[in-house]
Amino acid sequence: MIARLGAPVRVTSPAKINLHLAVGDLREDGYHDLVTVFHAVDLMDELVVSPAAQHSVRTPGVAGVPAGARNLAGMAARLLAKRTGQGGPVAIEITKRIPVAGGMAGGSADAAAALVGCAALWGLPPGRDALTEIAAELGSDVPFSLAGGTAVGTGRGERLVPVLSRATLHWVLAMAADGLSTPQVFGELDRLRAAGDPPRVGAVEPMLAALATGDTAAVAAALANDLQAAAFSLQPELRRTLRRGLEAGALGGVVSGSGPTVALLCTDPEAAAQVAAEMAGSGTCRAVKVATGPVPGARVVVR
Ligand code: C5P
């Protein structure tokens, strides 16, 4: 089926978990070089992009999402129009399911969805490479939100190589009451390193080997994140969330990206349901969701 040009376009876009996140030293441009394994899960934001008299972004019922010109989805629409010389104002409505400021690339998912949605609305050729370049300008995680699946990210995280993964991973996501600001968490890691050089996560190869063989227990053992110590330092109660998840039967767990969401890896869907129920009653998190990955990146939904 071919979408009617100018008709509203619906797009879904996944959350991500960093299965492995090694952070290098602070660069002169204010970013850190990373080696990370991104993994997209089926916790999706949904965007509807429609032609309109002027640009607008709405996220009904959700607090804490930047409005107007500071919203990354709106910035994505305007940047795509500028780069291609096509398109016009759009109204973007976002159904948010990815936690805001949760370390799961919620804003990046919305930006990737806006790029895909506007390209479809304006009848632009698919051109994933061109979209990926624009995505990288919008934020370090936006190219991965476009690509989805499982991928190694280097540079700021924007340079991607797909990873062979035979594992279907079942997660419980424990959401915290308050968000964490990504720059603040990177800054806290710099501070901890200046104060005493805390241990750094090891090489990425064990995670890649575990994914290639589809060995969930080995994936659990290889989960690692340099930002976790910084997130713990800013929100000490996250240690308890992670410990509680392991006691509840998760194979392993890790703070997702810059946090504060804690991702708990479980053997199968039944184990995930069990761990989710225990976490929901544990008083160690605000909300709990189950999710599975990998899934594709931002996609137009054809109904
Ligand atoms: O790329 P993005 O705008 O999402 O990054 C937000 C902030 O996170 C940056 O301004 C920087 O402080 C921090 N960051 C970093 N190193 C990266 C990615 C992000 O220090 N590789």
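Ranked by the mean number of other Cβ atoms within 10 Å of their residues, highest first, the peptides 108-115, 40-47 fall in the order 108-115, 40-47.
Could you state, as a whole-number percent, how many of the C-alpha pairs of the stretch 90-151 are farther apart than 19 Å? So the pairs more than 19 Å apart make up 29 percent of the total in the stretch 90-151. Against the chain, whose longest principal axis is taken from its Cα atoms, helix 269-280 shows a tilt of about 80°. Sorting 270-279, 8-17 by their mean Cβ neighbour count within 10 Å, with the most densely packed peptide first, gives 8-17, 270-279.
For the stretch 1-78, what ratio Rg/Rh do Cα atoms give with a Kirkwood hydrodynamic radius?
Details: Rg = 17.1 Å, Rh = 15.9 Å.
Looking at the stretch 1-78, the ratio lands at 1.07.
Compute the distance from the alpha-carbon center of the stretch 11-81 to that of the stretch 183-258, in whole Å. So the separation of the two Cα centres works out to 22 Å. Taking a Cβ cut-off of under 12 Å around Ser13, the surrounding Lys, Arg, Asp and Glu residues balance to a net charge of 0, with basic ones at +1 and acidic ones at -1.
Under the 0.36 nm per residue contour assumption, what length would be gained going from the current alpha-carbon distance of Ala177 and Ala277 to full extension? Show your work: numbers first, answer last.
Details: separation 100, 0.36 × 100 = 36.00 nm, distance 1.78 nm.
The Ala177-Ala277 span can extend by a further 34.2 nm.
At full extension, Arg200 and Ala212 could sit 1.9 nm farther apart than now, given 0.36 nm per residue minus the alpha carbon distance. Each listed q (0.09, 0.15, 0.19 Å⁻¹) maps to a log10 I(q)/I(0) for the stretch 169-293 from the Debye sum over equal C-alpha point scatterers, namely -0.25, -0.69, -1.03. The angle between the Cα long axis of helix 72-84 and the main principal axis of the chain comes to about 50°, on a 0 to 90 degree scale.
In plain terms, the bigger the Kirkwood radius, the slower the diffusion; for the chain, with that radius from Cα pairs, at 10 °C and 1.306 mPa s, Stokes-Einstein puts D at 82 µm²/s.
Computed over the stretch 118-242, the convex hull of the alpha-carbon atoms projects to a mean area of 10.1 nm².
Coordinate-derived values only; no laboratory data. A quick note: this is a predicted structure, and the numbers were derived from the prediction, not measured. Don't worry about glycine lacking a Cβ; one is built from the backbone with ideal geometry, like all the others, and counts go over all protein chains shown.
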